[in-house]
Structure formats: structure tokens, C-alpha cells
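Asks: Dumping the structure here so I can ask a few things about it.
Read-outs throughout are calculated quantities, based only on the coordinates presented, and are distinct from any laboratory measurement. These numbers come from a predicted model, not from an experiment. Methodologically, a virtual Cβ is constructed for each residue, glycine included, from the backbone with ideal geometry; neighbour enumeration extends over all protein chains shown.
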Amino acid sequence: MDLLDAFDTAWLEFDRRVHRVREDQWGEPTPCTAWTVRDLVNHLVGEHLWAPWLLRGATLAEVGDRFDGDVLGDDPIAAWERAAAESHAAFHRPGALDGHVDTSGGESPTTDYGWQMTTDLTVHAWDLARGIGDDDTLGDELAAAVYERVEPEAAGWQGSGLFAAPVPVPEGARAQDRLVALLGRKP
């Protein structure tokens with residue numbers, strides 16, 4: 001699965017879960033222990049508000065704090081729809097994946113940034129599903145592609161606060177379970 005196929009699939013997985021959040025579920029906990037459903041969606045909306053700027057070559061300093069805090073307002077689903085549509089269009093713009101973007105870790109190839117965003121969408125689709133009691137199944141192809149991309153880097157993330165420590169899974173576990181366990185979630 002190439003990057004844009006994985007991004008599109010993960011984007012749809014998260015989008016599907018956002019549209020299933022009931023009004024009484026925004027305060028529910030998620031597997032990201034510090035985040036409620038609303039906090040988790042706010043995080044993804046913020047990330048997707050940043051994407052068009054970064055993919056156009058803006059620096060972190062140029063973007064500044066414009067997307068800090070609550071970016072959901074009174075209509076979290078509409079906020080997601082707007083940010084997601086702009087981010088999706090930015091990633092699909094011709095040449096968007098050919099350069100570099102400014103990230104908190106320094107300058108990175110846009111393909112690395114794309115996989116970071118894809119990973120975020122994938123694992124948080126699972127988190128959101130768990131938070132709202134929805135089906136948490138991710139496609140095997142998506143889970144395998146993201147796992148393959150993340151696994152070599154995961155050891156370097158330990159202690160960074162990005163993810164909790166990996167959770168053991170049985171040998172032969174399906175790709176989705178290996179992925180979420182690698183990122184500190186109990187399948």
C-alpha cells in the first residue's frame with residue numbers, strides 16, 4: 001500500500017468514526033488516557049489544520065499558535081470536516097510529496113510527514129472507536145502498512161511521550177493488534 005492509499009484509507013477510517021460520535025459521547029475517555037473523545041478529535045483537527053500550511057512550505061514559526069487550544073468550537077464534526085478536506089486536498093496536490101516540511105523534529109521529507117499523519121489517523125481511528133464503543137476494526141492492509149512503517153522507529157520513541165510503552169501480543173497476532181500494541185494500546 002503506497003502512502004496516499006494508506007493516508008486515504010486511514011483518513012476514511014477516522015472520518016467514519018467522527019461521524020458516529022453522539023452528542024453525549026464527547027466527554028467519554030479514550031485509550032489515550034489524558035484525552036476524552038473531544039480532546040482526541042481536537043488533536044486530529046489541529047494536525048489537519050497544520051498540514052496545508054506545512055505542505056505549502058510554511059515554517060512552524062510562520063504558523064505560530066493559530067491552531068493551539070480548542071479548534072473544534074461548537075460543532076466538532078464540522079470542524080473535522082473542514083480541516084480534513086483541506087488536509088486531504090493538500091496531500092493530493094501535485095508535487096506535495098516531493099519536498100520537505102518543517103516539523104518539531106526539524107526538516108523532514110514530506111513522505112515521512114505523510115506517514116506520520118497516516119499513523120496518527122490510523123491509531124486514533126482505533127482510539128476513537130474504543131472511546132465511543134464502535135467497531136474498532138481497521139483494514140488488514142492499512143494496519144500492516146502502518147505497522148511496517150512504524151515498527152523500525154518505535155524503539156526510538158520510548159520515553160518521548162508520543163506513545164505509551166508497547167504491550168505484548170501473542171505470536172501470530174493480526175497486524176492491527178500488533179500495531180496498536182506497539183503504540184502502547186491493549187488490543
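Asks: Ranked highest first by average number of other Cβ atoms within 10 Å, how do 113-121, 131-139 line up?
Replies: Top to bottom by mean Cβ count within 10 Å: 113-121, 131-139.
Asks: When the chain is fully extended, how far beyond the present Cα-Cα distance does residue 60 get from residue 75, taking 0.36 nm per residue of separation?
Replies: 2.7 nm
Asks: Assuming R0 = 25 Å, can you tell me the calculated FRET efficiency for the pair residue 86 and residue 141, based on Cβ-Cβ distance, to the nearest 0.05?
Replies: Given R0 = 25 Å and the Cβ-Cβ separation, E is 0.45.
Asks: Could you give the alpha-carbon Rg of the chain over 2.2 N^0.38 Å, rounded to two decimals?
Replies: The value comes to 0.98.
Asks: Under the definition of Cα pairs under 8 Å and six or more residues apart, what whole-number percent is the relative contact order of the chain?
Replies: Numbers: 241 pairs, mean separation 47.3, N = 187.
Once divided by the residue count of the chain, the mean separation gives 25 percent.
Asks: Measuring from a point 7 Å past the Cα of residue 25 along Cα-to-C-beta, which residues in the range 122-146 have an amide N at less than 17 Å?
Replies: 122-138
Asks: So, one more: Fewest to most neighbouring Cβ within 10 Å: what's the order for 92, 100, 48?
Replies: Final ranking by Cβ density, sparse to dense: 92, 100, 48.
Asks: A further question follows. Report the relative contact order of the range 70-121, percent, no decimals, based on alpha-carbon pairs under 8 angstrom and at least 6 residues apart.
Replies: Values: 27 pairs, mean separation 10.1, N = 52.
Contact order relative to length: 19 percent.
Asks: Continuing with this model, one more query. Compute the signed sum of charges (Lys and Arg +1, Asp and Glu -1) over the other residues within less than 15 Å, Cβ to Cβ, of residue 184.
Replies: Computed value for this residue: -1.
Asks: Computed FRET efficiency, Cβ-Cβ of residue 103 and residue 153, R0 22 Å: what is it to the nearest 0.05?
Replies: Values: r = 14 Å, r/R0 = 0.63.
Approximately 0.95, to the nearest 0.05.
Asks: I'd like the Karplus ³J(HN,Hα) series for the range 178-183: coefficients 6.51, -1.76, 1.60, θ = phi - 60°, whole numbers in Hz, and an x wherever there's a Gly or Pro.
Replies: 5, 5, 5, 5, 4, 9
Asks: Rounded to two decimals, what is the ratio between the C-alpha radius of gyration of the range 36-96 and 2.2 N^0.38 Å?
Replies: Here the Cα radius of gyration is 1.12 times the empirical estimate.
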